[in-house]
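We did not get these values from a lab; they are worked out from the coordinates using the rules stated. Model, not experiment: these values are computed from the prediction. Virtual Cβ from ideal backbone geometry, glycine too; neighbours counted across all protein chains shown.
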Amino acid sequence: MSDYINGSSYPIFKIYNSSDVLVDTIALNLCDEKGLTETYEFIKITHDLLNYSIVQKVKGFHLNFELSYESWSKKEHSMKIARLFDYIINTNDYKFILTPRVDVLNRYFEVINVNDSLTINIMRNGLNAIGNKGINLQFKTKWLGTNLQWVDPTDLNIAIEDFVTLG
Amino acid sequence: MALENYNIIIEKYEWEEQVTPTGNLYEFYMTMAGSPHFNDGIGEFKCINLKYYGGQNAYIVLWATGSPYGGGINSFQLGTDGKYYLLIDSYNPPTLTTIKNLINNSGIGEFEAYIPDGSGYRPIQIGHGYYENFAFVSGWDDDDKLPNFFSSQVPKFLGAIDLESYLIDIGNLEYNFDNADSEKGKASLYYEDSDISFTCSGIQNKSSLYDFFQINEDTARIGYMILITNKSDDSLIWRGVVNQDSIEENFEPSDSSEQIKFQGLGFLKEFKNYYTQKKTLHTDFIRWDYEQSYQAKRFETFIKEDIFRNSRVNIILEDTIKDYYIRRSAGIFPNMPSVDKSYTMFKTSYDRIYNGNTSDTKWIFFTKLCTAMGWVFYFMKDNFYIKNRSSDSQFVTPVDLDYNKFLEYTAMKTKPQDGFSSIMLTDGQAYMGKNCGVRANVNNGNYIYMFTKLGDDLKVAIPFQEVLFGTYKTLYVGANYRHIKYYNEDSNWFRYMIVQETNPAGNYGASLVTIPQNELLRLDAGDSGLEGTNYDSSMGVNNLWTLKSDHTGLGDRDFWFTGNHGNCLYKTVNGKYYTYQHHTKSSLFADNFAKYYSSNINLANKISVKYDGLLLEPLVVFNIINSEELSGEWTVVKISFDLNDETTELELQKKLPLEEVDNLVVIEKALELS
């Protein structure tokens, strides 16, 4: 029995081409101490009426993912990130499916890159450095969500297909 | 928030496309009695207006027999044409119930009620040649299907919504009575009404406003009425309709998304929309009375029965307008006593106007008539007012406007309206033979009325002065008699002439006045095209006055003429005719047009004011108090109300004293016609 929801493991990206054929799977490391943060950004309309009441309609949300590797990213892992961004920068129309915690496989989202910039640095010790640092990845769900999709890891048999249908 | 003081309700209605009966297929809703000139003892007629709701293809004509001794019939007869006719005995007219039973029991089956289309066909024939007393006043016609609040079909009420819980913004309620605009490069008048804009939340109450307006659905049969009332006493402030073409809901990723915006149109526009689809009635379909031995009808009755016959409208005419009669026929009527050369002239009449404008709608007829007379009309609450434009009219009483409540004001010295130095009304044509008494060479052509200070603008648009008594009723022009007449124009200049006979031998002189086109406001006062009246001064060939539908082939003693719509009206003052020619010389007529008129020298004082408080009566004269600078009477050019902050924005024009326009008025001494 866990005391948390939505899983605890590392994230994976599945990359599909425009024909919905899986072309690559990139499993990233478990994030550092800042973790993998999910932020729900609500999309809503608010009207201020002449009678000073407020009317609001919540249309749904976009889910923002922040994957922190600011402390440490080993070479092999950094190269995975580079491969991921090769797909992102590529002019081909790829689709990115993020499973934020691989231990909850039925919780996945089609995402888009929202990084305005990508930072990478090297850890101390020069030639003896054990990896890079400063990498922070930001993604956002492509489609408007209307279901939080919070999952109890002990009950993983619930099929949730709110955001995407895999080909 | 001031809006809490008001209810803003939108009611939703639906009109049926195919009117279906709820009971009998036939509804008789008009009974008219009276035959004031019918003297054979028959007595009263009844006029039946048959309303038919069916859609079947058959034919029925109401046919009234005439003779009191002829054994009139109240039954159906099969005509030689194979059609069935309902014969009505005018001596013993049936009750409506009898007619209804006749139809229902006829066994004929299906009918199509004849629709009088103004083509001249008379759906009711009666004996003795008197058909005038029968009238199909409004009609069981296609208009009943019009989705319009003035349609005779009572729409189905579908529900109402209170806008209070939806309103995001509301525009000013603005009245703008009439204005000048350029049409084909020439300025002309148009009428406006109060409109108001609304912005509402489309997300309130689970988007119920979206559903209420049925956005994305066909709502051609649906109408929305807007009612703004005072919460305190339920009194009506404004009534209008939703302009469905204006309804829009935007969708965008922002807080302004799903706002439903629409425009409320003043009720006058709905009224106009209805009556621009109704043709004027054929002369035979109007119940004329006899007034001073000629067929005419009291104008107030005419407006209420034959133009705007409508249960929804409460028409209120200024007293001076109520007194008018409308003439059926035109003519020049000499007074005949040998010592009296005076005459009365009706340049036009209802039948001339109708025949010359058979495609005109009631709205067009009405607006041209109002233009000719200098009248304005407007809806205020549930009343439709017709009044003189003059700020001295009956419905205009000075209201104090407290300078201490001025939030701000701007003073201007500018020309009234768009600064027209001259106003011109058309007034028909005249063509004449060589021996009618008036010289054709200078007098043939178009006649006008002018308001200008750029030249003489006397208000005499008749090229003769008197009618001689004798074998011939020749028209006579005395020495120094002067009248005004159109001359010519080009793109830059408009020219008219003052014609004057310099001596009785018949030598004419004429002086030309030239006016810049861009300073001329021309008003369409109507005409009857070539449907004119021929006055035969010989009296030998024709009557003195006959309808003649062109001005070619005139006899030597003929005088052919037409006039604008105002010429069909007259009133009787102390037993004497007061015609359009009298009206055009009155100070009231001049004052009716003073709003648009200025000289190049005298500019009008204008102010725009933001006033703390609502001044909901739009057509008033304001008397500014507590200010020495602005004291005096001011007329309204434009007025708008902000219900949200309870302020009024006014554009006021200093009222011109009457002496300013006195020089426009010709002394009426020569007009005391008998």
Q: Kindly write out, for the range B:365-382 in residue order, the coupling ³J(HN,Hα) from the Karplus curve 6.51 cos²θ - 1.76 cosθ + 1.60 (θ = phi - 60°), rounded to whole Hz, with x marking Gly and Pro.
A: 4, 5, 5, 5, 4, 5, 4, 4, 8, x, 8, 10, 9, 6, 9, 9, 6, 9
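Could I get the Rg over Rh figure for the range B:214-328? Both from C-alpha atoms, Rh via Kirkwood, rounded to two places.
Details: Rg = 21.1 Å, Rh = 18.1 Å.
Reported Rg/Rh (Cα atoms, Kirkwood Rh): 1.17.
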Q | B:Thr514-B:Thr410 pseudo-label distance in nm [points 7 Å out on the Cα-to-Cβ vector] | A | 3.7 nm
Q: Quick one: net charge around B:Ala330, please, counting Lys, Arg +1 and Asp, Glu -1 for every other residue with C-beta under 10 Å from its C-beta.
A: +2
Q: May I ask you to sort B:Lys231, B:Lys571, B:Lys459 by Cβ crowding, counting other Cβ atoms within 10 Å and putting the fewest first?
A: B:Lys231, B:Lys571, B:Lys459
Q: Excluding B:Met432 itself, calculate the net charge of residues whose Cβ lies under 15 Å from the Cβ of B:Met432, where each Lys or Arg counts +1 and each Asp or Glu counts -1.
A: +2
Q: Excluding residues fewer than 8 places away in the same chain, name every one of the lysines whose C-alpha is closer than 16 Å to that of B:Lys297.
A: B:Lys322, B:Lys571
Q. In peptide A:50-59, how many Cβ atoms from other protein chains are near each Cβ within 10 Å, on average?
A. 6
Q. Which longest run of chain A has no exposed loop site in it, a site being GluC sites (Glu not before Pro) in a DSSP loop with at most 14 other beta carbons within 10 Å, and the site itself not part of the run?
A. A:34-160
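Among residues other than A:Ser18 whose Cβ falls under 11 Å from its Cβ, what is the net charge (Lys/Arg +1, Asp/Glu -1)?
Charge balance near A:Ser18 sits at -1.
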Q) Which of the residue pairs B:Lys272/B:Lys368; B:Lys12/B:Lys362; B:Lys387/B:Lys485; B:Lys459/B:Lys485; A:Lys34/A:Lys142 have a Cα-Cα distance greater than 20 Å in the structure shown? A) B:Lys12/B:Lys362; B:Lys387/B:Lys485; A:Lys34/A:Lys142
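When only C-alpha pairs under 8 Å and at least 6 residues apart count, what is the relative contact order of the range A:1-150, in percent?
Relative CO of the range A:1-150 lands at 29 percent.
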Q) If you rank B:Arg221, B:Arg328 by fewest surrounding Cβ atoms within 10 Å, what's the result? A) B:Arg221, B:Arg328
Q) Calculated FRET efficiency, B:Asp245 and B:Ser208, Cβ-Cβ r, R0 30 Å, to nearest 0.05? A) 0.85
**Q.** q = 0.16, 0.23 Å⁻¹: log10 I(q)/I(0) that the Debye formula gives for the range A:35-98, counting C-alpha atoms only
**A.** -0.76, -1.07
Q | the range A:43-144 pair-distance distribution - Cα-Cα, 5 Å bins, rounded % | A | 3, 10, 15, 17, 15, 11, 8, 7, 5, 4, 2, 1, 1, 0
Q.
Taking the 0 to 90 degree range and rounding to the nearest ten, how far is the long axis of helix A:75-89 tilted relative to the main principal axis of chain A, both from C-alpha atoms?
A. 50 degrees
